[in-house]
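Readers should treat all values here as calculations from the given coordinates under stated rules, not as data from a laboratory. As the structure is a computational prediction, the values presented were derived from the model and not from experiment. Glycine also receives a Cβ, built like all others from the backbone with ideal geometry; neighbour counts cover every protein chain displayed.
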Amino acid sequence: MLTTFSVREKTLIVDLGVLRVVLSSAPKAGGITRARYILNHQVEGRPIGRDNHGKGAGARYADPARTLSKLATSLGIKGRCVGLMTAVSLADVVTVREGDDQIWVEGFVTVGTSNAVRAGEPVTSEQRANSDTCPGTINLILVTNACLPASAMVGMVQVATEAKTAVLLRAKVKSWTGRPGATGTGTDAVVVVSGDGPPQRYSGTHTILGELVGRVVERAVTEGLARYMRWQARRPEVSRVKNV
């Protein structure tokens, strides 16, 4: 299984080589599907119009699936693809690979935390307004050569989420409300790609695959968060929420 990637026209393009089984929360082709390409497109303002009700900068992306389909066409991508959006600069995309003798996991991660939240906090229009000017999404793209059933792909999502949240808690990232203990952001997305290598029935934290997922996400989110904080330090005028 050969995976390659490039950045063109503010779009990270992960080429899986052939059609692979993909599980994701992506705005384009989310759920379980088969795809050759994973796209993560950099946009201005808020990345996805799904939770700003067509207002503000995100109104231009009120139909992200359609926007991403047009983008794929403009890039000359003819194969089936899964698409994400982010306001994080793709100059700050983090790539990490971990493996053992038989299986490996590769991550492509962008990190922004301006609209960080703690799971369970109430959703308000003020929260949406506070995230208009800063990148605020953590997108995780995880590719493995392991051949997985759907249940193990869901398990990878679970482990990846735990690892992401552990990094945010360790870094003491605050919710947009100023409360401690942010667990993610309001627009996070995750993509998991199954391979054609050794079959793995399980992917929890007691498995080698789960260990690899945890290490990839921990390394990538830690580095991505550091890059995001350096970006914030260079542009303090656009940061309305002090996250750490």
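Solvent-free Debye calculation, one equal scatterer per alpha-carbon of region 159-220: log10 I(q)/I(0) at 0.24, 0.26 Å⁻¹ equals -1.04, -1.13. Peptide packing: for 110-120, 13-23, 142-152, 96-106, the average count of neighbouring Cβ atoms within 10 Å per residue gives the ranking 110-120, 142-152, 13-23, 96-106, highest mean first.
At q = 0.10, 0.11, 0.17 Å⁻¹, work out log10 I(q)/I(0) for region 69-206 with the Debye formula, treating every Cα as an identical point scatterer and leaving solvent out; two decimals please. The Cα Debye sum returns log10 ratios of -0.40, -0.49, -1.03.
Once the Cα-Cα distance is subtracted from the 0.36 nm per residue extended length, the L19 to T124 segment shows a gain of 33.8 nm. Each residue, A91 and R234, gets one label point 7 Å from its Cα in the Cβ direction; the gap between the two is 0.4 nm. Its alpha carbons considered, region 4-238 gives a radius of gyration followed by a Dmax of 16.9, 50 Å. Segment T73..D101, full-extension length gain: 6.2 nm, with 0.36 nm per residue of separation and the alpha-carbon distance subtracted.
Counting charges near G184 (Lys, Arg +1; Asp, Glu -1) among other residues having Cβ under 13 Å from its Cβ returns a value of 0.
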